[in-house]
Each structure stands twice: as structure tokens, then as C-alpha cells.
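Readers should treat all values here as calculations from the given coordinates under stated rules, not as data from a laboratory. Please read these numbers as outputs of a predicted model, since none were measured by experiment. Every residue, glycine among them, receives a Cβ derived from its backbone with ideal geometry; neighbour counts consider all protein chains shown.
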Amino acid sequence: MVGGSDGHFPITFAMFLLFRVAWFLQGFKYNLRRMDSRVRTLERLLEVTRNLSASLDFEPFLQSLVMTACELTSSEAASILQHDPADDQLHFVAAPHHQRDLLRAALVPLDGSVAGWAFRNASPLVVAEAKREKRHFKAVDQLTGDVTRSLVAVPLVFRGATLGVLEAINKTGDAHYTEDDVTILETLAAMAASALRERQLTLQVQTHQSERAELDRLKSDFIAITSHELRTPLGLILGHSTFLRELVAEEHYEQLDIIIRNATRLKEIVENLSNVDNYQTGAARVRERTVAMNQLVKDVTDFFVAEARRKNVTLQAEIAPGSLVVEGEEGKIAIILSNLIKNALAFTDPGGHIAVAAERVPGYVKVTVVDDGIGIPVSDLPRIFERFYQVEGHLTRKHGGMGLGLSVAKAMVEMHGGRISVESAEGKGSIFTVLLPVNRSQASAAEKVFLS
């Protein structure tokens, strides 16, 4: 025992150890409580993150963030404000349930508000006593009837761009907001920023889709009106020109032939426009009959032989022996073949070669149009069958065309339940392949073969 001469109660070494152990246990319990609190916080944040990845609806998710902010920071209320570039102010997009409708029309300026400061500086701002803070925007309190005692605002930042602000007010028990509170709110703000950005992109996509739909409607209206209004006068021009050619002297044949040739070209354009419109609107139908592809491929190819000779291009048909029969509409299949051959002729230089081949493969008839022309750039291949799409401006000016032939061919093929594809390399030519099911029951089989 150790004693003192001043009369103090003697302290044993064992008592000293007990005091140290008690002090250690008290600190350990405090750290355990703090660790337990942080674990619960992390679990709650993880749950919110899972909700974000589950792609919940926009407004319910933001509301869940507001509720979580209140829960984890022990705040009376929280809200999310989004910046609107149109008026350069902050708008409430999430708030306590009993205040949502009230705050929906409220505007918070960037100047003279804590939220505005956090937004502009892209930095958190903690206010311990709101009544002494000049940047506190009191109009919201006047609107809601609440009294803001303390608040914290953190910016919503997504990839360097500040989109809005997350606010929490009135920490319970008149306590002050801590660094842990700011960290929690910053984590929730990152989720809110991600949700806001996703929402912005979704709205942009919807706007673009709406605009595209309107453009498609205008295109369709234009096609329908143009084809209707031009068909009758062109028919009259062709009819009277052909009639006059039988009456006038031979010296006028050349002039009349020019009229007939160009009117025929215009008629083809109008028919292409009409075919595209009918397919787009669903008005086109296939009148199914048995079509002998052997003869049809030969007849269509022979029709273009004279034009190929004028251009010094070799054009020939290569038809496999045996019966090549499909169920379809002969006129529409003829349009498919004609457009593919015309396309090949347009982009094959003098001295080139074009081969049209047809063969029977189980389930369908395969037709290919192969040329050794100028080919198609890789960047244009995905869009080659779009209506009005033209490969490179200088090629269009040189070879002519409106970019409708291939889109019409694709439409006609699909109406028969078939598929069309293209392989090409610049300077080496192109191969267009058409798969026409032998009958409708073979359409799915043809698709599988095509995709393989």
C-alpha cells in the first residue's frame, strides 16, 4: 500500500487498473455505438443505391432521397431543387409530402439564398443559425409557415456540371450539422444528380422522337400529295406524247423521245414515292400468286440489257436449273429486281459487269445482284436502305437518283416476309442478296437462315 502524509485516501495499483479499464470500456462502447450508427447509415445508403440501379420512377425515387436525408441526418425536412436555365432559378422537384404542392410553384433565386450559393460555388454550405444568415431565403418560410433554424445545402454535381441542390433543415434537438451529415447528404446528392441527368436525357430523347415522328408524318403527307398530284398529269403527258409520235414526221422523233423518256423517269419516281407511302401507311398488300422466279428474273434482266449495252456494261442472268417458285405478287417482285439492277447500273462504270443469279435453297429462293462497280463506303452501309438516303453527295450528282430505289426494294421484300442484305467494299463492287420464302409458312425459316 502506498500512503501519503497529506491525509489523502491511499490508492492501490489495482484500483488504478480498474479505473483505466473502466475508462477504456466507456470509450470502446462509444466507438461501438458510433460504428453501429455508421453501419446502419451505410446499409441505408446501400438500399437507396439499389433503388437507383433498379430504375424506379423519377419522382418516387427523389422523394425517397428526401426521406432518407431526413432520416440519416435527423432533420425535420429536406428538399431537392433543380436549376432551370430558362429562368436561371432553382425549382423544387422533391419536398416533404405535406409541402410538395405548395412548393411546386416556388422559385428560389441564385442570389440571396443558401441553395443558390451552394449551386454557384458547387460546394456545401452549413448554416448553424439561419436567423443570422443573410443568404437565407426567408420567402420559403413565409410560404410554408415553418421556421428554419439551421440548414445545410449541398450541390448536385454530375460529371462536372451542377444540376441543382439538396437541402436539409432543422437538425432535431437544435443540434448542429456535422461533417458526417454533410458526407451523407453529398452521397445522396450524387444519386439525385444521376437521376436528374437521366431524366434530362430521357426527356431529350422523347423530344427528338416526337420531332422525328412529326417529320415522318410531314414526309408521308408530302409523298402522298406529290404522288397523287403528279400521277394524272404525267399520265396525260405520256399518253399524248406517245400518240403524237405516231403522227408527226420522223424528224421530230428525237424531241418526242426525249419527252417520253423523261416523263417515264418522272413516272417511275412517282411510283416509287407511292410505293413507299403505301408501305409506310400499311396500305400496301401482297396479292399472292404462284410466281415462277426463273422466268421473272430472266425477263427483268433482259429488259435492262439494252441500257447496259449503251453504257458498255455486261449484264447477264445466271439461273440455276430446276423449278424456282415462290408465293407472292409478281409485279412487286419485279420492282425489287428492277430497282436492284438499276442501282447496279447506276454505280457500275463502263467496262464493268453485273450478274443476276437465282437459286433454290431449302425453304426459300435466293436472288443476288452482283456488280464490280464503285462500291459503298462502310459508313453508309447501315443506312443504305433508308428512304431518301443517298450515298455521298458527289456520287448522287454524278449518277442521279432520289435515294428511293433501295428503300422500295426493301419494303417489297419485307412485304413478302423476306429479307434483303448488302455486302460491299469501296472500289470492288457490291452484292445485294434477297431471300424470298417459298411460301408464308417458310418466312420464319428464311429469317433464321438470313440471320445466321
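Observations, loosely collected:
- Approximating the spin labels as points 7 Å out from Cα along Cα→Cβ, the ASN312-to-LEU381 distance works out to 3.1 nm.
- The slack between LYS134 and GLU198, meaning 0.36 nm per residue of separation minus the straight C-alpha distance, is 19.6 nm.
- Which listed pairs, of LYS311/LYS332; LYS298/LYS366; LYS366/LYS428; LYS342/LYS410; LYS298/LYS332; LYS311/LYS342, have C-alpha distances above 18 Å, in listed order: LYS311/LYS332; LYS366/LYS428
- Span from the segment 91-143 Cα centroid across to the segment 200-241 one, whole angstrom: 50
- Qualifying GluC sites (Glu not before Pro) for segment 142-248 [loop in DSSP, other Cβ within 10 Å: at most 12]: GLU246
- Centre separation in Å (Cα based) which lies between segment 287-302 and segment 324-377: 12
- On the basis of the beta-carbon distance and an R0 of 30 Å, ARG104 and ASP221 show a calculated FRET efficiency of 0.15.
- Sequence-distant residues sharing a close amide H with LEU156 (under 5 Å, placed H): LEU163, GLY164, VAL165, LEU166
- Computed E for ARG245/VAL325 - FRET, C-beta separation, R0 35 angstrom, nearest 0.05: 0.35
- Straightening the chain between LYS298 and ALA213 buys 26.5 nm, computed as 0.36 nm per residue apart minus the Cα-Cα spacing.
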